[in-house]
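Notes to accompany the following structure.
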Amino acid sequence: MEYIQGIAVLIGINLIAVLGLSILTGFTGLFSFGHGGFMAIGAYVAAIVSSRLGLPGPLAFPAAILAGALAAGVTSVFIGKLTLNLKGDYFCIATMGFGEAIRVILNNIDYVGGARGWANLPQLTTWWVVLVLDVVCVVLVWNLINSRHGRNMVAVREEELAAQMAGVNVFRSKMTALVVSAALAGVAGALLGNYIQFLRPTMFNMAKSTDLTIMVIFGGLGSISGSIAGTILLVSLPEVFRNFAQWRLVIYGLAVIVIMVGRPQGLMGGVELTPSGIRKLLAARRARARLEAELKAAEQGGN
Amino acid sequence: MRKSLCSMLVAAMALSLGAQTPATVKIGWFGPETGDSALWGQAELNTVKMMANDYNAKGGITVGGKKVKVEIVAYDDKGDSVEAVNVVKRLISQDKVVAIVGAQGSGEAIPVAPIVNDAKIPLVASTATNPKVTVSDSGAVNSYVFRACFTDPYQGKVAAYFASQKLGKKKAAILMTIDDPYSTGLSQYFKENFEKAGGKVVSEVSYTSGEKDFRAPLTKIKAANPDVVFIPAYYNDVALASKQARDLGIKQLLLGGDGWPSDNLISLAGKSLEGCLFINHLDMDGAAAKPMRDEYKAKYNKNAELNSYMVHDALLMVVDAIQRAGTVNSVAIQKALTTCNLQGITGHIKIGANHDPVGKEAWLIKIVGPDMKFQEKFATAN
Amino acid sequence: MDQFLQQLVNGLSIGSIYALMAVGYSLVYSIMNFSNFAHGSVIMLGAYFGFYSLTALGVPFSAAFGIAIFGTAAIAVIIERLAYKPLRDRRAPFLYFIITAMGASIFIDNSVIATIGPTPKTFPPDLLPAFLQGAPLEWGALSVGRIDLTIFVVAAICLAVLMVFIDFTKLGKAIQATAYNMKASALMGINPDFVIILVFAIGGGLAGVAGVLYGMKYQVFPQMSAITLKSFIAAVFGGLGSLPGALLGSLLLALIETFVSGYLSTQYRDLFAFIILIAMLVVRPSGIMGKDAEDKA
């Protein structure tokens, strides 16, 4: 059971980062190669707060998580100020550079173990903590997406120039998306460090950032339930298919291409797994069927 | 459904029979089957499977008068710390192994230490040389972690001894991988001991892992004009660095550690490593290794790597502990491991207070043409 | 002084490789307006094509080189047709292109790892042309490897030929026109599809050259696409979309990197590269020689 619980915790932790990234990439259309860096900041700051500051027991962990999220969020404000005004491509490269830079810096800070790693962190992340935080994050993200801010983000994704002309503060929307995604990545990082009780900068390299993005893509850009489904799938599948470990990434790469070309809505097809979402889907189906029937009637009538 | 019902019944029977020795003992292995270190992980996996086959061909190992078969349960940790934690949890809670061998990388061995300590399942690491694997940050010994290899401090001491006493070198330069604790650790211990012996480190340069061009740091080394260049890195980087060093006109002797030995080292380095020396855990071409070397080659059509020999001794330590304890109970196995004192392929293994082998021999190997020739061995009290 | 000169040579030699890689990026960017992350994987394939043609097929070196160039050009075009064209036809948002490119890169890299294996290979010295087999050339304390000189010369020739082609031939002008405004040039009778295929083929061919040369200078291994991140930065540094910019950016970046690791510290070398990148993006995002006009949409 401990093993299955371990997998569940990993899914839960990754989910928080993926939800954040979903806001940035799925809903606002910005591609980031560097969210591993934000996770790293969250993880290390949280570790410092929980092990070095000597806070009283029950206070330490929540403080650590908050500190981690705050640190990641603040850093993202700096990055955002510098790069969000540029074209998408440049933002990508900048995030790539940022992710790597964070790793290099952490490798050289002996206080947090450097490249050697920091072991014996307290085990504070439990199944319950992860579950509660997951629920909180889903609710948070859901509300954000369905608010005015969320709609602005989607507008920016769809057609930036038009959104700007319609009065949307493009820069502010992008910044909000970036900060929220960075903070959530920070939370995930904080949870990770205090779960495996060990931190090393290589854990947060570009491969991690790419992994997170793939989870968002699989689930479908612009779908929260998709991100949840994508995370569950991509964290648990490797366990089931251990024999094909070597081909896992080959299949992922191919799947990404196929999804982008064939079905960019991903697993969930842009449908949210909520009562209103399903109602919308059924209504759309009904409308299409009605339209087809009308067309057919018109044809026969014309003949 | 029926299968799991059956296995539940069998498990219930086994449990009810209490301390009776089962017919099969499960030993776990984890390591990088995929990823950058796949070469070593696969070498280890092949070896433990081969050893299990050999034991079982003779009916199994003898435990408390009964013959027990050995089953290896293996998982890929992809060279990743998080994955290592994952698979060790799986080995302990799902597969219920009584002991684990492997953990060739210190980065994977260190995070799993608290897990095996809590679950009371002993782990014998094959080539994880970082001191923190067996002794945690607080100074306490990880009660359930052991290793079959010498540690980096020891290796650094030996390398410095060879460089200063045996080779008479007075000025050394070091080229290390800055973000690899193995490399930085080894170079630190080399420097300490080299300077204690009266030598001087005239240049200490580094590169980040993944780098392919070492000319910038090498140019600095050339300008410092050392007698010997110590490169505590893995064979891949060493091959490139040595080629580039020769291209730059650096003609000095190159000295290395246990990251050098590999089938591919000489083919990748060409003539640039001719006459150079490195420290190994054993003489891979020697008489002690020959039976296993031949068997591995015959079975897998590949040459055994250093890790093969190391994991062989790690598994040997576990089997020896099981046999001395007379039971497959993991707590008893751990106790037996603390008094381990056997002769493995890689030398004499006597486990000391830190759960590391005490005074294990280090072998100085010279590269002559396409071969690695044993020069001499050296052992010192830790 | 000796050390300075040697570091200069070191930097120029790395810079030539960055340049070959960066030019391919810039070329595709100028037409398609997106960064083809799969370029790195194509470079890696070029190295492998060259290596296996030489060792497994046993063809002479020049033939192996040729096979590599044609192979990568073909692969680049295939990627374009299968992965990018459908997106272009659908007028998919630019984000999709980047994600697809990333997917292609992951797919190619890991296919090689899963089949051939992650262990690096090296070009057997006796199979290389004779003039590459000798000792490095020495002038006093300065040492220049033969392969480095070759790379510098080959890079210079390739880039010169490319620039002549772009500036002075009809096809080259067609490429320039399409890069400037795809729709308008289509109206003028230039087939955009054809131009795109041409550009990818040229970019792919250059990738092949870069791959083989890189494989010869260092080793052949599947993780090569990671190295192209540097050339990517170099292209941005010099100005995405500008070929002379790619060359300049590459040489400058390589020199800065080499001098930082030679005189300051190796561990902060990568950090420096990124800081310079960010600084450039903030101060002058179009790069040193890039086009000033920027279409935000």
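Odds and ends about this structure:
- Rounded, prolate or oblate (a/c below 1.5 giving rounded, otherwise prolate when a/b exceeds b/c) for region C:181-297 by Cα gyration tensor: oblate
- Sorted largest first, extent of region A:78-197 alpha carbons per principal axis (Å): 54, 34, 16
- Rotationally averaged projected area of chain C (alpha carbon convex hull; nm²): 16.5
- Cut-off 13 Å between beta-carbons: net charge of the residues surrounding C:Tyr25, Lys and Arg +1, Asp and Glu -1: 0
- Classification of the protein assembly as shown by its C-alpha gyration tensor yields an oblate form. The axis ratio a/c (a ≥ b ≥ c) is 1.5 or more, and b/c is at least a/b.
- Taking C:Ile275, C:Ile196, C:Ile67 in turn, the Gaussian network model of chain C (Cα-Cα springs below 10 Å) assigns the largest fluctuation to C:Ile275.
- Springs join every pair of Cα atoms under 10 Å in this Gaussian network model of chain B, and among B:Thr184, B:Thr24, B:Thr134 the largest mean-square fluctuation is at B:Thr24.
- When the helices of chain B are scored as -39500 (n - 2.57) per DSSP H run of n ≥ 4 and the total is divided over every residue, the value at 222 nm lands at -13000 deg cm²/dmol.
- Cα centroid of region A:58-137 to Cα centroid of region B:42-113, whole Å: 34
- Charge sum, other residues only, whose C-beta stays under 12 Å from A:Ile93's C-beta, Lys/Arg counted +1 and Asp/Glu -1: 0
- Average other protein chain Cβ within 10 Å of Cβ, residues C:13-19: 1
- For region C:115-221, the Kirkwood estimate of the hydrodynamic radius, built from every pair of different alpha carbons, is 16.9 Å.
- DSSP bridge pairs, the protein assembly as shown: antiparallel proportion in percent, nearest 5: 45
- Near B:Gly256, the amide H atoms lying under 5 Å from its own belong to B:Ile231, B:Leu277, B:Phe278, B:Ile279; only residues 5 or more places off or on other chains count, and H is placed 1.01 Å from N.
- Residue-normalised convex hull volume from the C-alpha trace of region A:2-272: 128 Å³ per residue.
- C-alpha long axis of helix A:245-262 to longest principal axis of chain A, angle in °: 40
- Three-way shape call for chain B based on the alpha-carbon gyration tensor, with the a/c threshold at 1.5: prolate
- The long axis of helix B:2-16 is offset from the longest Cα principal axis of chain B by roughly 90 degrees.
- The separation of region C:1-51 from region B:309-358, counted between C-alpha centres, amounts to 52 Å.
- Mean projected area in nm² (Cα convex hull; one quarter of hull surface) for region B:19-112: 6.2
- Relative to the longest principal axis of the Cα atoms of chain C, the long axis of helix C:2-32 lies at roughly 20 degrees.
- Cβ-defined net charge surrounding B:Lys212, 12 Å radius [Lys, Arg +1; Asp, Glu -1]: +1
- Under Karplus coefficients 6.51, -1.76 and 1.60, residue-wise ³J(HN,Hα) of region B:134-147 in Hz, glycine/proline x: 9, 10, 6, 3, 7, x, 7, 6, 6, 4, 9, 10, 9, 8
- Between A:Ala119, A:Ala284, A:Ala46, the GNM of chain A built on Cα springs shorter than 10 angstrom shows A:Ala284 fluctuating the most.
- Karplus (6.51, -1.76, 1.60) ³J(HN,Hα), θ = phi - 60°, over region A:211-220, in Hz, Gly and Pro reported as x: 3, 4, 4, 4, 4, 5, 5, 4, x, x
- Residue by residue along A:93-99, Cβ atoms of other protein chains within 10 Å of the local Cβ number 6 on average.
FYI, it's all coordinate maths here, none of it is from the lab. Since the structure is predicted, the reported quantities are computational estimates derived from the model, not experimental observations. Please note: Cβ atoms are built from the backbone with ideal geometry, for glycine as well, and neighbour counts cover all protein chains shown.
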